[in-house]
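Asks: Dumping the structure here so I can ask a few things about it.
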Amino acid sequence: MTLDAAVLPRSNASNLENFWMPFTANRQFKESPRLLVSAKGMNYTSVDGKTILDGTAGLWCVNAGHGRRQIVEAVERQLRTLDFAPTFQMGHPIAFDFAERLAAIAPSGLDRIFFTGSGSESVETALKISLAYQRAIGQGTRTRFIGRERGYHGVGFGGISVGGIVNNRRTFTQLPGVDHLRHTLDIERNAFSKGQASNGAELADELERLVALHGAETIAAVIVEPVAGSTGVLIPPRGYLQRLRAICDRHGILLIFDEVITGFGRLGAPFGADYFGIKPDFITTAKGLTNGSIPMGAVFVSRNIHDALMTGPQNLIELFHGYTYSGHPVACAAGIATLDIYRDEELLTRGAKLADKWQDAIHELKGLPNVIDIRTIGLIAGIELAPRANTPGARAYEAFVKAFESGLLTRVTGDVIALSPPLIIEAAQIDRIVSVLNDVLKRVD
Ligand code: PLP
């Protein structure tokens, strides 16, 4: 479809053909596009001038809300001062400053920071450092990774291999030797649980089974999302993550928490690791790191792991890994301004204050047509609909389109409507989200 340039203020995008859109049904979208042209606070404005309440913090990333002046000014200042400088055998102060600020809010001991450009790169980085560490401590036979069904760890070859989403995997070659835990969603036993469900901690024992099958001495690391977002909000049952940590400890296996979604306050604590009271060996992050403003990721690495790799002759590179944009000065400036906002507005813990209101409001949707489960934790919700016969995903997609037409941005994955609003959300906006969905779900057959 070709759009009249007149309806695209501040944009020259008069045709939609050239941008091959990611994770999008391109032909369907281009026939009937949804375009956003500006954003402020909790709201987007669409190309036709409508206000759209952001129920998803963009893509789980704009935790402090849109258009934050401090971030804009920090980015502009940095671009004027030092637009780019290498971090290979060179450095610039702001990257060290940002790493120090991140270390200060990290769970204790996870204070060595490796910068990347995205969540996918953070995952590849954590996987590679796991291998390097195991080798450095004389455990070079540990080359296997364990992921989990329905896990999402980005789109690199490592990430899709440890991930558990068939559509992301079947077309592509994968890493050898990867195995998967079962996912933890159990609607039959746990439907409409508020927060963590009580059934399912024993699913962590799957790791013992995989250890028995492959041999602990072949396994480098386990990677899981503390709360899986991308495949429809899968909340770990009570006790599950603790059990996983204990089994990893027992067998010398590293534990990677992929917190690209749960990092930076989404659960009402700075990290999922804080929320669940578990210390992983790595935390992978991106998204909320810069409030979504400039692409960047960061891996929080245990100091022990870092130190084990700081060996050999002083003149040799210790880890043959890194990205041109690792510690990009402009992204660091955006990140520091973001951390200032999080600190000044207490956003990393604000979700804890709103969680009860959020949970109660979202659970009011129970009983509406086709709603078979509702899952909530922190400022996350998943509303699962029964799939239509032979067309899985179609019902939730229709709800997503209708919600958008009613001025609410949601995210759909399979037949789950996922919500993850900016952490600045107010009670009245929570009510509005629920009221729009209430109306929409009555109109979706
Ligand atoms: N890991 C998790 C848990 C994610 O949710 C995502 C993205 O949604 C990623 C990794 C990949 O991040 P990116 O899209 O920035 O590469």
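Since every read-out is calculated from the coordinates, none of them should be taken as a lab result. Quantities reported herein were computed from a predicted structural model and do not represent experimental measurements. Every residue, glycine as well, gets a Cβ built from its backbone with ideal geometry; the counts of neighbours run over all protein chains shown.
Asks: Might you report the magnitude of the Cβ-based charge dipole of the chain about its Cα centre, with Lys and Arg at +1 and Asp and Glu at -1, to the nearest 20 debye?
Replies: My answer is approximately 320 debye.
Asks: Next question. Using a simple spin-label model with points 7 Å from Cα along the Cα→Cβ vector, what separation in nm is obtained for Glu202 and Ala246?
Replies: 1.5
Asks: If each residue of separation counts as 0.36 nm, what is the full-extension length gain between Ile317 and Ala25 once their alpha-carbon separation is subtracted?
Replies: Numbers: separation 292, 0.36 × 292 = 105.12 nm, distance 4.34 nm.
Full extension of this stretch gives 100.8 nm more.
Asks: A follow-up question, please. Label 7 Å along Cα→Cβ of Thr51; region 423-443 residues with amide nitrogen under 14 Å?
Replies: The answer is 426, 428-430, 432-433, whose backbone nitrogens lie closer than 14 Å to the label point.
Asks: Binning every alpha carbon pair distance of the chain at 10 Å from zero, what are the percents per bin?
Replies: 4, 20, 31, 27, 14, 3, 0
Asks: Show me 26-38, 428-440 ranked by packing, highest mean number of other Cβ atoms within 10 Å first.
Replies: Sorting 26-38, 428-440 by mean packing, highest first, produces 428-440, 26-38.
Asks: Listing His321, His92, His153 from the residue with the fewest other Cβ atoms within 10 Å to the one with the most, what is the order?
Replies: Ordered by Cβ neighbours within 10 Å, fewest first: His321, His92, His153.
Asks: Could you compute the FRET efficiency for Thr349 and Ala104, with r as their C-beta to C-beta distance and R0 at 22 Å, rounded to 0.05?
Replies: 0.90
Asks: Where the Cα atoms of region 345-428 are projected onto their three principal axes, how long is each span, largest first, in whole Å?
Replies: 46, 23, 19
Asks: Could you give the length gained on full extension between Arg169 and Arg80, defined as 0.36 nm per residue of separation minus the Cα-Cα distance, in nm?
Replies: 27.8 nm is the gain from fully extending Arg169 to Arg80.
Asks: In terms of Cα to Cα distance under 25 Å, which lysines are near enough to Lys366, apart from those fewer than 8 places away along the same chain?
Replies: Reachable lysines: Lys194, Lys353, Lys357, Lys402, Lys442.
Asks: Name the residue farthest towards the positive end of the dipole of the chain from the options Ile317, Thr338, Leu423, assuming +1 on Cβ of Lys and Arg, -1 on Cβ of Asp and Glu, about the Cα centre.
Replies: Going by the Cα projections, it comes out as Leu423.
Asks: Among Trp20, Trp358, which comes first, then next, by fewest other beta-carbon atoms within 10 Å?
Replies: On the way: Trp20 7, Trp358 25.
With the sparsest Cβ surroundings first, the list reads Trp20, Trp358.
Asks: Rounded to the nearest 500, what is the 222 nm mean residue ellipticity of the chain from helices alone, with -39500 (n - 2.57) per DSSP H run of 4+ residues and division by all residues? Walk me through the numbers on the way to the answer.
Replies: Details: 16 runs with 163 residues, N = 445.
So the helix-based figure for the chain works out to -11000 deg cm²/dmol.
Asks: Over region 70-344, what is the percentage of antiparallel beta bridges among all DSSP beta bridges, to the nearest 5?
Replies: 45
Asks: Counting other beta carbons within 10 Å of each residue's own, what order do Tyr152, Tyr397 fall into, fewest first?
Replies: Ordered by Cβ neighbours within 10 Å, fewest first: Tyr397, Tyr152.
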